[in-house]
Amino acid sequence: METTYDNSSLKLKKEFPEAEDFLPLNGTDYVELYVANAKQAAHFYQAAFGFQPLAYSGLETGVKDRSSYVLVQDKIRIVLTSPLTKGGPINEHIDKHGDGIKNVALWVDDAAKSYEETTKRGAESTFAPKTIEDENGKAVLSAIRTYGETNHIFVERSAYDGPFLPGYTTWNPEYKPASVGLKYIDHMVGNVGWNEMNKWVEFYAKVMGFAQLISFDDKDISTDYTALMSKVMTNGNGRIKFPINEPAEGKKKSQIEEYIDFYNGAGVQHVALATDNIIETVTQMTERGVEFLRVPDVYYADVLDRVGKIDEDLEPLKKLGILIDRDDEGYLLQIFTKPVGDRPTLFFEIIQRKGATSFGKGNFKALFEAIEREQESRGTL
């Protein structure tokens, strides 16, 4: 089993001095999705994305209202949770939103202090600090509300040595397809409603001590038909980056409006997963049935004139549809899956950074035109 975290206290370098960073945050602990069928969803993420089985909670562990499967790939952990009974908040969430991300858990040294620092600055409480334990030790959890019905759970696990968290047992099925080389969560993007971006930017600055890393307006992110605005928030050590998107006026319905219509509110739009070899990762994912957005081949005719010399051969990037962009620090390679469910909501980005710290501004127009083609095929543009 790959090591996914180190229980020792971290002293991480502060990369963004303008961030107050009063929590602080060590990284993303896990991302939990509420889904209609966790067992089948777990099979999909194993087979298609190369995640490995880690832990399970359900009837066999004494939990009567839900089942949860935990998957891991290097430093990425996802939890897939489904209800076992009718009614209740999980069913309501799935009925309203479809399969989607409910909880973004953040790894901290002190969950009680994190709760205190955020709630005293105005965060709405989801639940107060609580200690959970089993034969492998104890962990402390607390949680606050963010945009839509999304929560941030603070996870303190220095005194726990089990497979995941108390209440979970090791999950060790026969089926273990190989990893595809995904390493860690690079960033997570939230979609919010009209004129709500600055409200949530202020939330992350004031309540969680984040700094604004970059801002894009409708001149940066627009096509002939649609537009959006985005601001990127980061914690001090740069391990947590949350771009926040809102719609902007355009001739037709933007991807953000489409998301909000089908998700019925604000939520996590996509999760960017990092790799050290995007060609190999995307090749494997494509062979396993993952569908990616494609840009026209003409994109590659002058891309090297725009981004300069890169280490990779252009032909395999073109074959796979991988996009390229450069900033002052280096370049990046990125590609986006189509939505992973029937609703046009949640999708994933695969990204490889070769020094670049930006988010692919030079690709926005080509990418959003590709998204518009998908919207047009769905009749939602």
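What follows draws every value from the coordinates through simple rules; no lab data is involved. Remember, it's a predicted structure, so these values are computed and weren't measured experimentally. Cβ coordinates were reconstructed from backbone atoms using ideal geometry, including for glycine residues, and neighbour counts include every protein chain displayed.
General observations
- Here the residues HIS43, HIS187, ranked from fewest to most Cβ neighbours within 10 Å of their Cβ, fall in the order HIS43, HIS187.
- C-alpha long axis of helix 38-49 to longest principal axis of the chain, angle in °: 40 degrees
- Our analysis of the stretch 182-378 gives Rg over Rh at 0.94, with the two radii drawn from alpha carbon positions and Rh computed by the Kirkwood formula.
- Entries of LYS86/LYS130; LYS199/LYS251; LYS75/LYS354; LYS183/LYS241; LYS199/LYS252 with Cα pairs more than 22 Å apart: LYS86/LYS130; LYS199/LYS251; LYS199/LYS252
- Tilt relative to the chain, helix 278-287 - C-alpha long axis, 0 to 90 degrees, to 10: 80 degrees
- Inter-label distance for ASP305 and LYS319, nm, one decimal - labels placed 7 Å from Cα along Cα-to-Cβ: 2.6 nm
- Fewest-first ranking of THR275, THR126, using other Cβ atoms within 10 Å as the exposure measure: THR126, THR275
- In the chain, the DSSP-assigned H stretches of four residues or longer account for a calculated mean residue ellipticity at 222 nm of -6500 deg cm²/dmol, using -39500 (n - 2.57) per stretch and the full residue count as denominator.
- Quotient of the Cα radius of gyration of the chain and 2.2 N^0.38 Å, N being its number of residues: 0.96.
- Percent breakdown of C-alpha pair distances by 5 Å bin, ordered from the shortest bin, for the stretch 27-170: 2, 10, 17, 23, 22, 17, 8, 2, 0
- Folded to 0 to 90 degrees: helix 197-206 orientation relative to the chain principal axis, Cα: 50 degrees
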